[in-house]
Amino acid sequence: MGKRLKFEVEVSDALAQEATRMGLLEPGAVQSMLREAVRTLRIERLMEARKKIAAAGLAPLTMEEIQAEIEAARSERRTDERSRAPRP
């Protein structure tokens, strides 16, 4: 597993008791809920981006154009990393 994070949440006593009875405060349950929330938000953001692209009337990129954009971004990142590297 990766890095661990501990956090504290303030909720009402009634909610805390019910969540405890239902097993929702167990680490596995909390992880499942967080994963589902992250997945849901990613999907919502993707759908919003698709709507914006469609509304803008942009033509879809070809696989070659996508690959060219990826390569350009990687090249730019490498150039930026080299310019920030300490000089001997």
Hits among aspartates and glutamates - C-alpha to C-alpha of LYS52 under 17 Å, sequence gap 8 or more where chains match | GLU44
Expressed as a whole number of Å, what is the distance separating the alpha-carbon centroids of segment 3-48 and segment 59-77?
-> 36 Å
Any chance you could give the angle, 0 to 90 degrees and rounded to 10, that helix 63-84 forms with the longest Cα principal axis of the chain?
-> 90 degrees
Just from the alpha-carbon atoms, what are the Rg and Dmax of segment 13-84 in angstroms?
-> 21.3, 57
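Using 0.36 nm per residue of separation minus the Cα-Cα distance, give me the extension gain between PHE7 and ALA68 in nm, one decimal. The partial results should precede the final answer.
Values: separation 61, 0.36 × 61 = 21.96 nm, distance 4.17 nm.
So the chain would gain 17.8 nm between PHE7 and ALA68.
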So what's the angle, to the nearest 10 degrees on a 0 to 90 scale, between helix 27-56 and the longest Cα principal axis of the chain?
-> 40 degrees
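Values quoted throughout were computed directly from the atomic coordinates according to the rules given, and no laboratory measurement underlies them. Quick caveat, the model's predicted, so the values are computed rather than measured.
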